[in-house]
Every structure is written in C-alpha cells, then in structure tokens.
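Reading through the structure tokens given below for one structure.
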Amino acid sequence: MSDPAGRLFDDFAASWARGEMPDAREYLEQAGEGAEELAGLIDAYLVAAPAPEPDEQTVSVMAAWMAGDSPLVEMRRAGGLSRASVVDALAVALGIAAAKKPKLGLYYHRLEAGLLDLGAINDRVFDALADALGTTRSRLAAFGPAPDAAEGLVFHRAPGSEEPPSDARTALYARLEMLSPAPSDPPDEVDRLFGVGG
C-alpha cells in the first residue's frame, strides 16, 4: 500500500467510524495516481465495516429527503435556526455586503427549494453553509435531489402545454419572478457564488 493512499484510507475509515459521512470522491481526488488503490481499500472497508448507527437528525433528514422535501430545511429546523439566521451567517462567512443580503436570501431560499444547479454553486457556499448548519460538507452532499422529486419542480407552462400550473405553483413562480434580480443587472459576487447569470 502506498503512503498517500494509506494515509487517506486511514482518514476515511476514522471519519466513517465517527459516524460522519465522508465523501469518497473527495478522497479519490486527493489520491492522484493512488486513486485506484484507494478505491479498492474503501470498497473493501465499506463491505466489511458495520454501518454507523444514524443519529436522530440523520433519520429526520433522510425521511424528508425520501418524501421529496428539502433536506436543507430539515437540517435548519433541527438546529433551531431561522432562514434569516442562516442567511446572516452566510453573509458574514462569504463577505457579502448588507445591501446584497436580500439577493443572498433569495438564492438561499432557491437552494433550499431545490431550484438551483448544485454543480454550479461555488464550494465556498457549501463550506459556509455546513458551518452555519453545524454539519459537514459531506453530509450536505449526501442529500442531493430526492428520487423523482425534480419532476414536481415545474413552475410554468411549457409552450403548447394544455395543462396550466396549479395555483400554488403559479403563486410561487410569480413570487420568484418578482424577487428575481432585474435581467439588466450585471452579475455580481452573489450571482457568481450561486452559479447564476454567467
């Protein structure tokens, strides 16, 4: 076993044993040429290692995820946090000026609602969010879109569609349009952090 792969494996196994949810992809990226060796070690370990006993928060977040609800909302509520307090923490951690907090709040709301492309969001947002929610990045990453949840996230009628959206969807779409930054506004730091507007 090569030294880098061995050190990374030890770190992964220790994190797993503590009940964390380490992201194997992050470890494999760090392994470089030893990625294949490390993948074999992690695979063998996960087959043999007992699954950690889930804590109450993990169970409630998983239940929300399986129901198609927002895991972020569940994590925030479980921590007794308001959306405003999370936005405040993000603003401080990301260095966002007070004048830009309404836009930050809008994007955080969209993130909770599953309306943003997670792959386009800057890593700094996830690091700051993990700190704000008292969790880890790997735990945040574990709860991507729930199975089939994305099918319910259609807020406007496609051209030629016969069926209009529900009243709730219409109201939400109108609210999002109203709160959206004007298209003529040039993209700023908040847009770039959330992968919106180029």
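The values are calculated or read from the model by the stated rules, or taken from the named source; none is laboratory data. As the structure is a computational prediction, the values presented were derived from the model and not from experiment. Glycine gets a Cβ as well: all are built from the backbone with ideal geometry, and neighbour counts include every protein chain shown.
Values as computed for the structure displayed
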{"item": "Pairs where the first residue, in segment 113-129, is closer than 15 Å to Arg139 by Cα and the second is crowded, with 17+ Cβ neighbours inside 10 Å and at pLDDT 90 or above, C-beta under 8 Å, 6+ apart", "result": "Val125/Leu90; Val125/Leu94; Val125/Leu193; Val125/Phe194; Ala128/Leu90; Ala128/Leu94; Leu129/Val86; Leu129/Leu90"}
{"item": "Odd one out for Leu111, checked against (1) surrounded by fewer than 16 Cβ atoms within 10 Å (Cβ to Cβ); (2) among the aliphatic types (A, V, I, L, M); (3) touching a Phe, Trp or Tyr at 6+ places or on another chain (Cβ under 8 Å)", "result": "(1)"}
{"item": "Where a residue in segment 20-46 is in contact (Cβ under 8 Å) with a residue 40 or more places away in the chain and its partner, wherever it lies, is basic (Lys, Arg), with Cβ under 8 Å and at least six apart", "result": "Glu20/Arg139; Met21/Arg139; Asp23/Arg137"}
{"item": "In segment 1-29, the residues that are buried (at least 16 other Cβ atoms within 10 Å of the Cβ) and among the polar types (S, T, N, Q)", "result": "Ser15"}
{"item": "Breaking point among (1) among the hydroxyl-bearing types (Ser, Thr, Tyr); (2) surrounded by 13 or more Cβ atoms within 10 Å (Cβ to Cβ); (3) modelled with pLDDT of 85 or more, for Ser82", "result": "(2)"}
